[in-house]
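Here the structure is laid out as structure tokens; the discussion comes afterwards.
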Amino acid sequence: MSLYKLTSADVFILQILNHVIIIIIKMFKSSFIIRLFFGFVLSGLILVQELSAQVTPVNKIPEFTFSTLNGQSFTRNELKKNKKLVIVFFDITCDHCQIELAAIGDHINEFKNAEFYLVSLNQVAGIRTFMSTYGRKLNGRSNVTVLRDFQNQFITRFTPVQYPALYVFGQDFRLIKYFGQNSNVKEIISTVNKI
């Protein structure tokens, strides 16, 4: 028997739907039928989340084309080659993303020999607002580049499990470590600073 293999994009969308359904359930607490229906849907999503553990992040930086916030094309060839690379995939409405990028900003001077690439699917105006609010300590730094995934390539090529997704890659573009939601910034610093 052949089962449908979920892609990371499928899992990612289902996780977002899971959060939406929980909110809807809370809104309609008094309606038994609505609660029952969403209970079944939620059970299915929980099963999908368990299956999502099978999705693993990419082990080497793939080819991609993103854009800077000024609209210039940015590809894999433009990544720094003599430093560790920290790629953070975030969404401007994600509270975990807000917390993680603010924490990285608070500790940015503790990272040694690292380039940061912050990638979002959101529109440029929203990304700019997010960065001025949560990433303000990262704005204008020579080792931080903010990018927009205008072609929706990140999810299918980097296979993140959830927002935020933080990847630490070596100079050879191979994955050193993947960090998911609720990462400890001290552990990220330790991973980046290891020789």
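The values are calculated or read from the model by the stated rules, or taken from the named source; none is laboratory data. All values derive from a computational prediction rather than experimental measurement. Cβ sites come from the backbone with ideal geometry, for glycine too, and all protein chains shown count toward neighbours.
Could you identify the single residue in E110, E187 that is of a type in the set (D, E), surrounded by fewer than 21 Cβ atoms within 10 Å (Cβ to Cβ) and in contact with a helix residue (DSSP H, G or I) (Cβ under 8 Å, 6 or more places away or on another chain)?
Values: E187 fails: in contact with a helix residue (DSSP H, G or I) (Cβ under 8 Å, 6 or more places away or on another chain).
Exactly one of E110, E187 is of a type in the set (D, E), surrounded by fewer than 21 Cβ atoms within 10 Å (Cβ to Cβ) and in contact with a helix residue (DSSP H, G or I) (Cβ under 8 Å, 6 or more places away or on another chain), namely E110.
What residue, of F179, F130, is at pLDDT 95 or above and either of a type in the set (F, W, Y) or in contact with an Asp or Glu (Cβ under 6 Å, 6 or more places away or on another chain) (or both)? So the residue among F179, F130 that is at pLDDT 95 or above and either of a type in the set (F, W, Y) or in contact with an Asp or Glu (Cβ under 6 Å, 6 or more places away or on another chain) (or both) is F130.
Would you be able to say whether some residue in the stretch 85-101 is surrounded by 16 or more Cβ atoms within 10 Å (Cβ to Cβ), without any contact (Cβ under 8 Å) to a residue 40 or more places away in the chain, over 22 Å from Q151 (Cβ atoms) and in the same structural domain as G180 (by TED's automatic domain parsing)? Before the answer, list the steps.
Taking the stretch 85-101 as the starting set, the residues that turn out to be surrounded by 16 or more Cβ atoms within 10 Å (Cβ to Cβ) are 85-92, 94, 96-101.
If we keep only those that are without any contact (Cβ under 8 Å) to a residue 40 or more places away in the chain too, we end up with 92, 98-99.
Now restrict to residues that are over 22 Å from Q151 (Cβ atoms): 98-99.
Checking the rest, the ones that are also in the same structural domain as G180 (by TED's automatic domain parsing) come to 98-99.
Yes, there is a match, as at least one residue in the stretch 85-101 is surrounded by 16 or more Cβ atoms within 10 Å (Cβ to Cβ), without any contact (Cβ under 8 Å) to a residue 40 or more places away in the chain, over 22 Å from Q151 (Cβ atoms) and in the same structural domain as G180 (by TED's automatic domain parsing).
Could you please let me know if I155 is under 22 Å from E63 (Cα atoms), of a type outside the set (S, T, N, Q) and part of a helix (DSSP H, G or I)? Before the answer, list the steps.
On the way: under 22 Å from E63 (Cα atoms): yes; of a type outside the set (S, T, N, Q): yes; part of a helix (DSSP H, G or I): yes.
It is true that I155 is under 22 Å from E63 (Cα atoms), of a type outside the set (S, T, N, Q) and part of a helix (DSSP H, G or I).
Within the stretch 175-195, identify whether any single residue is within 20 Å of S67 (Cα to Cα) and not in a strand (DSSP E or B), and answer yes or no. Within the stretch 175-195 (the criterion being within 20 Å of S67 (Cα to Cα) and not in a strand (DSSP E or B)), the answer is no, since none of the residues qualifies.
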